[in-house]
Amino acid sequence: MNRHPALILAVHGTRRPHGTAIAHSLALRVAEITRQPTHLAFADVLTPTVGDVAAATPGPLVVVPAFLASGYHVRTDLPEQLAHAGRADAVLTPALGHHPALTDAAVRRLTQAGYRPGDAVVLACAGTSDPRAKAELHTAARALATRLGTPVTCSYIATGTPTVADQVQRLRAQGHQRVAIASWLLAPGLFHDRLARCGADVVAAPLCPDPGIAHAVAERYRRAAIPQPV
């Protein structure tokens, strides 16, 4: 008998079939690692919603938000969905962004795309108006800079300044011959498509389906589901 809490993997949702397929693949990989049934649910755009799945899932419940910062969905939307579903008892883990496996994945993606030591690096984030989430994105940029041994600028695709395109242009004006964009996005979609038009020499692929992402989700789940030694 399975005594561990059920696992809901909460993703944003996209109208791009490829992005949805990647989300399903991530859920399958997490289930393989944790050996627990993993229920995929969407915070926005698609169904079933996190609230739908939580209401239909009996017993203890852990929700892992596959988000790169703790913005609106993590801080407000998901707790509200769980409360409306009568599952305020569910454990909502931290977002994935601080997990070192994501920095590792960003380095691998950047290298695979053709990054060379000496390239100027821009971390491309979707963007947020939440100051706390923005601080988390800057923390991610500093972690990537430490790994690469070079400055990394946090820039935005949809919300916030500097935009990725403006930052690439600024680095060119400063004399950088090559500029590389590290993608701080989980899956392909409209936001990642925009990066191809930003004028960089290298554009890394989104973080998924790098295997490190599934391991980060699994670790978030285990820390919430299994009592940790004091």
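Taking 0.36 nm per intervening residue step and subtracting the Cα-Cα distance, what contour gain separates ASP89 from ARG194 on full extension?
Here the segment from ASP89 to ARG194 would lengthen by 33.9 nm.
For the chain, what is the convex hull volume of its Cα atoms per residue in Å³?
Looking at the chain, the number lands at 121 Å³ per residue.
Place a label point 7 angstrom from the Cα of THR47 along the Cα-to-Cβ direction, then list the residues of the stretch 70-93 whose backbone nitrogen is under 16 Å away.
85
For helix 211-225, what angle does its Cα long axis make with the longest principal axis of the chain, in degrees from 0 to 90 and rounded to 10?
Its long axis makes an angle of about 40 degrees.
Residues with beta-carbon under 15 Å from that of SER129, excluding SER129: net charge, scoring Lys, Arg +1 and Asp, Glu -1?
Summing Lys and Arg as +1 and Asp and Glu as -1 gives 0.
Calculate, in nm to one decimal, what HIS176 and GLN112 gain on full extension: separation in residues at 0.36 nm each, minus their alpha carbon distance.
The span from HIS176 to GLN112 would gain 21.0 nm if fully extended.
For GLN169 and ARG223, calculate 0.36 nm times their separation in residues minus their Cα-Cα distance, and state this gained length in nm to one decimal.
Extending this stretch completely gives an extra 15.2 nm.
Indicate the gyration tensor shape class of the stretch 57-101 (rounded, prolate or oblate), computed on the Cα atoms with a ≥ b ≥ c the square roots of the eigenvalues: a/c under 1.5 is rounded; otherwise a/b larger than b/c is prolate and the rest oblate.
Since a/c reaches 1.5 but b/c is at least a/b, the shape of the stretch 57-101 is classed as oblate.
Where does helix 17-34 land angle-wise versus the long Cα axis of the chain, in degrees 0 to 90, nearest 10?
60 degrees
So, R0 is 30 Å and r is the distance between the beta-carbons of THR159 and ARG3; what FRET efficiency does that work out to, to 0.05?
In this case the efficiency is close to 0.10.
Specify the angular offset, from 0 to 90 degrees and rounded to the nearest 10, of the alpha carbon long axis of helix 100-113 from the longest principal axis of the alpha carbons in the chain.
It is inclined by approximately 40 degrees.
Only the coordinates and a few stated rules stand behind these numbers; no lab work does. Given the structure is predicted, the values throughout are model-derived calculations rather than measurements. Heads up, the Cβs are rebuilt from the backbone with ideal geometry, glycines too, and the neighbour counts pull from every protein chain shown.
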